[in-house]
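The values are calculated or read from the model by the stated rules, or taken from the named source; none is laboratory data. Since we're looking at a predicted model, the values are computed, not measured. Positions of Cβ are backbone-derived with ideal geometry, glycine not excepted, and every protein chain shown enters the neighbour counts. Just the protein is used for accessible areas: all its heavy atoms, side chains included, with ligands, DNA and RNA removed. Shrake-Rupley method; radii C 1.70, N 1.55, O 1.52, S 1.80 Å.
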Amino acid sequence: MSKTYYSDEHEWIAVDGDKATIGITSYAQEQLGDVVFVELPEVGKALSKGDEAAVVESVKAASEVYAAVSGEVTEVNGAVEEEPGKVNEDPEKEGWFFKLKLSDTSELDELMDEAAYKKFIEGLD
Amino acid sequence: MTDTKEDLARTPLHALHVELGGRMVPFAGYDMPVQYPDGIMTEHLHCRSAAGLFDVSHMGQVRVTGKDVRRAVETLLPADLVNSEEGRMHYSFLLNDKGGILDDLMATPFADHVFMVLNAACKQSDIAHLKTGLPVGCEVVEEGDKALLALQGPEAAAVLSELAPEVATMSFMTMRDLDIAGVPCRISRSGYTGEDGYEISLPGDQAEAFARKLLADDRVKPIGLGARDSLRLEAGLCLYGHDIDETTTPIEAALTWAIAKSRRAEGGFPGDSIILKQIAEKTPRRRVGLIGEGRAPVREGAELVNEAGEVVGTVTSGSYGPSAEAPVAMGYLPRALSEPGTEIKAVVRGRERPMKVAKMPFVERRYYRG
């Protein structure tokens with residue numbers, strides 16, 4: 001069974017054992033506006049928590065996506081490179097960015113669950 | 001911008017922007033809509049296919065009066081106002097003594113005054129510059145009670161001529177005073193999107209009702225600052241403070257066409273000796289258009305490097321062009337590298353991305369020439 005965590009940088013991290021799938025939240029894509037380009041990390045790259053992992057660009061601005069957890073990149077979503085609009089249309093499923101093999105699952109304890117994240121974004125408006 | 005919400009000025013359309021779901025941001029001291037719920041991409045494409053309504057009331061609207069006012073204004077800018085028809089608009093600049101651009105503006109001579117539209121961020125310094133620089137007896141008055149709307153796009157003429165049939169045959173770059181639906185308007189066939197369209201100056205207290213009348217037409221959608229910027233970039237038009245500023249001359253900026261023929265012969269404007277010399281000898285660097293491959297936007301500040309990897313220029317504005325369907329940008333390059341077709345690389349986050357010098361505009365302009 002997978003469980004989804006959220007970071008205060010508006011990433012979601014769906015975790016199954018030591019495998020994680022990472023993308024940006026619906027709230028984040030709404031704030032960014034129309035996504036026109038996504039730059040993803042290379043497969044095999046080791047990311048430490050806080051490293052710049054990806055870049056998402058809207059018409060207006062570029063935003064970095066930081067690794068909310070440490071691990072090695074095992075797969076990237078080529079479909080969002082081809083069709084960046086997927087990030088707006090389906091950010092928390094089809095619009096995922098990359099997968100990691102987690103190196104320290106205890107880092108997950110510092111992230112929010114869905115209820116806490118909901119509360120967090122309500123506080124931002 | 002460090003303005004807090006409370007410090008920000010509001011245009012007469014502020015309440016309407018909020019009602020329409022505009023995402024409000026600080027811009028040149030004003031609280032302005034960057035986009036509406038449809039988003040920048042949809043707004044941009046709508047303006048190119050139908051009509052977009054823009055609130056540009058933050059811009060300065062200035063009336064200069066006085067004895068021989070056209071000649072007086074010519075001492076500060078390089079347009080030919082003296083020989084101009086009334087209501088003929090001139091894209092021009094306020095210049096410093098080095099020929100650097102203090103602001104770009106629209107100047108339109110009328111019987112007893114010259115009307116100017118100035119950039120929002122520059123308007124106070126422009127007015128001070130005009131007051132100091134113009135001969136004694138000239139008066140400079142900001143029409144602070146006026147709003148300014150822009151209606152832009154291929155359907156703009158059809159929409160507006162339903163309210164005022166006279167506007168259909170106005171030529172590009174002309175301005176006239178006209179009552180539209182009972183509102184005293186100063187209307188011009190102009191804009192900053194590359195599309196056919198109008199700018200309408202009108203009393204601020206009647207602006208909201210007027211805007212609602214235009215928005216009631218299905219062909220018209222409100223457009224925010226985000227799409228305004230991507231539209232003007234695709235049209236190859238300069239943004240003050242980015243593509244041009246006090247350190248660039250009109251000649252370096254490839255705006256030589258805006259130095260009137262008669263003024264090239266006579267001079268008589270600030271920086272004239274430098275500008276006339278640059279026209280004769282050409283400048284070492286020049287503003288160019290750049291078009292990239294793929295989708296990655298190349299933005300302001302990106303370095304431009306040659307084959308040998310040496311930095312030879314900088315991007316001054318850039319984005320993904322929704323109509324061009326490619327990364328589009330403007331920047332400065334050495335003259336030897338400024339010919340269309342020249343290959344260059346832009347450095348984006350440490351990675352070199354191939355670009356080509358391209359003719360501007362990046363999309364076809366559709367001005368109404370009559």
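Tabulated values for the structure
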| item | result |
| --- | --- |
| One residue from A:GLU81, A:GLU9, A:GLU42, A:GLU75 being in a strand (DSSP E or B) and either without any contact (Cβ under 8 Å) to a residue 40 or more places away in the chain or not β-branched (Val, Ile, Thr) (or both) | A:GLU75 |
| Selection status of A:VAL38, facing chain B (nearest Cβ under 10 Å), open to solvent by less than 40 Å² (accessible area, probe 1.4 Å) and closer than 29 Å to B:ALA227 by Cα | yes |
| B:TYR36 vs. criteria under 18 Å from B:SER201 (Cβ atoms) and not polar (S, T, N, Q) | no |
| Of residues in region B:279-298 being of a type outside the set (D, E, K, R) and open to solvent by less than 40 Å² (accessible area, probe 1.4 Å), the one nearest to B:LEU337 (Cα to Cα) | B:VAL288 |
| Within region B:303-315, tally of residues that are part of a strand (DSSP E or B) and open to solvent by 20 Å² or more (accessible area, probe 1.4 Å) | 4 |
| Filter result (buried (at least 20 other Cβ atoms within 10 Å of the Cβ) and within 14 Å of chain A (Cβ to nearest Cβ)) within region B:6-22 | B:GLY22 |
| Subset of region B:320-340 (residues that are farther than 19 Å from A:VAL36 by Cβ and either among the charged types (D, E, K, R) or in a strand (DSSP E or B) (or both)) | B:GLY331, B:TYR332, B:LEU333, B:PRO334, B:ARG335, B:GLU339 |
| Qualifying residue in region B:214-222 (condition: away from chain A (no Cβ under 14 Å), open to solvent by less than 20 Å² (accessible area, probe 1.4 Å) and of a type outside the set (Asp, Glu)) | yes |
| For B:GLU281: the one exception among (1) within 14 Å of chain A (Cβ to nearest Cβ); (2) out of contact with any Ser or Thr (no Cβ under 7 Å at 6 or more places or on another chain) | (1) |
| All positions within region A:50-67 that are outside any strand (DSSP E or B) and either open to solvent by less than 10 Å² (accessible area, probe 1.4 Å) or within 11 Å of another protein chain (Cβ to nearest Cβ) (or both) | A:VAL59, A:LYS60, A:ALA61, A:ALA67 |
| Those strands (runs of 3 or more DSSP E) lying entirely in region B:1-107 with at least 1 residues over 21 Å from B:GLU266 (Cα atoms) | B:23-27, B:30-35, B:51-55, B:60-65 |
| Qualifying positions in region B:251-267 - out of contact with any Pro (no Cβ under 8 Å at 6 or more places or on another chain), farther than 15 Å from B:SER338 by Cα and part of a loop (DSSP other than H, G, I, E, B) | B:GLY267 |
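Here's the yes/no breakdown for (1) over 30 Å from A:GLY85 (Cα atoms); (2) away from chain A (no Cβ under 14 Å); (3) free of Cβ contacts under 8 Å to residues at least 40 places away in the same chain:
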| site | (1), (2), (3) |
| --- | --- |
| B:ALA260 | yes, yes, no |
| B:SER319 | no, no, no |
| B:ARG351 | no, no, yes |
| B:MET355 | no, yes, no |
